[in-house]
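See structure below.
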Amino acid sequence: DVGCGTGEDARGLSSFVGETGQVTGFDLSEAMISSATTRHAGVVGLGFQQASADALGIADNSLDAIRADRVLIHVPDPSATIDEMIRVTRPGGRIVISEPDMPGFWVASDDHATTSVLVGAISKSCRHPYLPRDLWALFRDKGLKDLEITVRTITSNEIGAIAKVLDLQAVMTLATEAGLISPTTADAWMQDVMTRAQTGRFVAALSIVMMSGTKS
């Protein structure tokens, strides 16, 4: 699990590999690896290792499968990260990447112009906002086989759930500080969204692109 964070997904994966299998979570952050190791101490077949996504520090053809979730839109060089994932996966092994389509995020609002500014600010919060739309081409160009792409849209009527993922208030504050919108406009937009949430009229959605392929 590349970019494992505090290890919850890696722990979930450990339930699939059986008593003789092994799951390793990799993360660049020493603090994340320390937290994951502490949180999941004692889980059989689960370990964590500090490493950059493009330099995992393990031998070629070591893994039966590898995944990354919400990682490639943030790394300096997504292509190098995919190359590294391919390198450490055995022939016939599966490579799976899941990334949010940030520019495609939408939220219901009466002020469509300000919403467009917000979506643009959200997109700029990551290095490669349009990468998910090019994963098919990347996998094909790197010679991976049995390609599968799935797009799943997550829709929510709960503003708390959306705010947890995207932090609308923080993004709006950054847009205001950058001079993209005025404080008055930002306050009015947030008030509209909060009113919608309080009256059961709030809805927002974000699409997740899931790409997988097999190493030749």
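The values are calculated or read from the model by the stated rules, or taken from the named source; none is laboratory data. Here the structure is a predicted model, which means the values were calculated and not measured. Using ideal geometry, Cβ is built from the backbone for each residue, glycine included, and neighbour counts are taken over all protein chains shown. Ligands, DNA and RNA are stripped out before the accessible areas are found, and what is left, the full protein with its side chains, is counted by its heavy atoms. Shrake-Rupley method; radii C 1.70, N 1.55, O 1.52, S 1.80 Å.
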Worksheet item: What net charge is computed for the residues neighbouring K215, neighbours being all others with C-beta under 13 Å from the C-beta of K215, Lys and Arg scored +1, Asp and Glu -1?
Response: 0
Worksheet item: If you roll a 1.4 Å probe over the heavy atoms of the protein chains, what accessible area per residue do you get for the chain, in Å²?
Response: 52
Item to complete: Specify the angular offset, from 0 to 90 degrees and rounded to the nearest 10, of the alpha carbon long axis of helix 168-177 from the longest principal axis of the alpha carbons in the chain.
Response: 70
Fill in: Fraction of antiparallel bridges per DSSP, the chain only, in percent to nearest 5
60
Worksheet, complete the sentence: Longest principal axis of the chain (C-alpha) makes with the long axis of helix 30-39 (C-alpha) an angle, in degrees to the nearest 10, of 80
Worksheet entry | Residues T20 and E158, FRET efficiency given R0 of 41 Å [Cβ-Cβ distance, rounded to 0.05] | 0.50
Discussion item. At R0 = 30 Å, how high is the FRET efficiency between W106 and R140 if r is their beta carbon distance? Nearest 0.05 is fine.
Written reply: 0.55
Worksheet, complete the sentence: Once all protein chains are kept in place, K142 shows an accessible area at probe 1.4 Å, nearest 10 Å², of 60
Discussion item. Less than 10 Å Cβ to Cβ from D60, Lys/Arg counted +1 and Asp/Glu -1: what total charge do the surrounding residues give?
Written reply: +2
Discussion item. For a Förster distance of 41 Å, can you work out the FRET efficiency between the beta-carbons of M194 and R133, rounded to the nearest 0.05?
Written reply: 0.85
Practice prompt. Let me know the shape class of the chain, please: from the alpha-carbon gyration tensor, a ≥ b ≥ c as square roots of the eigenvalues, rounded when a/c is under 1.5, otherwise prolate if a/b is greater than b/c, or oblate.
Written response: prolate
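How much net charge surrounds G160 when only other residues with a Cβ under 14 Å from its Cβ are counted (Lys, Arg +1; Asp, Glu -1)?
For residues surrounding G160, the net value is 0.
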Worksheet item: What part of the accessible area of the stretch 75-116, given as a whole %, is carbon or sulfur when the probe is 1.4 angstrom?
Response: 60
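Could you check how much of the accessible area of the stretch 1-74 is carbon and sulfur, as a whole percent, using a 1.4 Å probe? Before the final figure, lay out the partial values.
Details: 2000 of 4000 Å².
For the stretch 1-74, the apolar C and S fraction of the accessible surface comes to 50 percent.
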Worksheet item: Is the stretch 8-135 best put as rounded, prolate or oblate by its Cα gyration tensor, with a ≥ b ≥ c the root eigenvalues, rounded for a/c under 1.5, and otherwise prolate when a/b is larger than b/c, oblate when not?
Response: prolate
Item to complete: Name the most mobile residue of P129, P91, P100, meaning the one with the largest mean-square fluctuation, in a Gaussian network model of the chain with Cα contacts below 10 Å.
Response: P91
